[in-house]
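Quick notes on the structure that follows.
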């Protein structure tokens, strides 16, 4: 008999109970200690072969976790995906109207603005791919670097161009915007009427937000962002709110979630602990400990659920089976204000030597096309969980997928997951999701409540 590939034993909250979790099969079940210990021993056997008459095998077979033949290799592999992007992210400018204390991109250090010719060429490239592949939509994301709405005329120009060019080919342009929300009301309403979705940066409580996200002149911005959110609400725009959590207010995260739920709409809320890069690396703000963030997130999630909202964190994604955290491993196409091609939202400054591996092309004005370094892109395909030390025996490996490549680079490779604060958060919050699914009877495959409640080894 053969044991399922990547079968993990996850501690339960109940005494002497564990969860058997096979993410590649979508199977999770609560078991007792003897069966959990038996599975742990089975995992040490060569090639995952187990005696058919061994204690616990019949129970595992009933769950679909052992079979007479080896399980097929189901692992996703990003390397098999050809590069033919049907969406592009444009970093319109490095300039910003805020001076956020934790800005990873050091906005305003490079106030360059993306040339309209380059922006249109980038969209034309992904539109051509979308047409060739028979896609009905093509994606355009406007982001920063800096704040995209600071380059207002450029933003309007590329949005209007994308709509026209896509329509001419019978394709729909799907436009998303990431913004700090500090802009005149008329512009907020224009965005709400022309974008399909948006992400709005808003750090929950007024005091925390204004302390971390002041204007360049040092003024408050909380009310400005609320006004933009209400414009989005009035227009029915699909948008989410991103909170960057620092050590100074992590304990107020539940309060912040409650306050946001009462003040604005937004389909979802995302909380991310600040990462020490850019200004945050220079000690302007503190990063919350893993323990503090986990505790606060759990309380805040309960508040969100009570209010009918969803609170998420990027490293806990139960139900997603992937070998890559994002599109950086060789499939992303993003363009900096200088016309450089990058594979990462956080890698916009080619002057940062740590981020150099993410840059793999540039716009060539003489030819009017993008020159891409396929050898460098091939190197980026290794930024998957297949190549991350310490991930092999982690039950999160097919959901967090080794975590954010940019953060790994910033931290220095290789990173020991056992000592990584982000890995600790990823494991704790993914485990929460797994246990909650079992508690609610939402198993990852169609098992009865009795089957998933407890499988005993005798």
Notebook entry, point to check: Could you give the angle, 0 to 90 degrees to the nearest 10, between helix 290-306's Cα long axis and the longest principal axis of the Cα atoms of the chain?
Noted result: 80
Item checked: With Cα atoms, 0 to 90° folded angle of helix 185-194 axis to the chain main axis -> 60
Next item on the list: Specify the angular offset, from 0 to 90 degrees and rounded to the nearest 10, of the alpha carbon long axis of helix 33-42 from the longest principal axis of the alpha carbons in the chain.
Entry: 80
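Can you tell me the alpha carbon radius of gyration of region 211-353 divided by the globular rule-of-thumb value 2.2 N^0.38 Å?
Working: Rg = 17.0 Å, N = 143, 2.2 N^0.38 = 14.5 Å.
The value comes to 1.17.
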Check: Distance in nm between label sites at residue 382 and residue 136, each 7 Å beyond Cα in the beta-carbon direction?
Finding: 4.1
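How many times 2.2 N^0.38 Å is the alpha carbon radius of gyration of the chain?
Details: Rg = 23.6 Å, N = 458, 2.2 N^0.38 = 22.6 Å.
This ratio for the chain stands at 1.05.
Each reported figure results from applying straightforward, stated rules to the coordinates on display, with no laboratory input. Keep in mind that what you see is a predicted model, and the values were worked out from it rather than measured. No Cβ is skipped: glycine too gets one built from the backbone with ideal geometry, and neighbour counts run over all protein chains shown.
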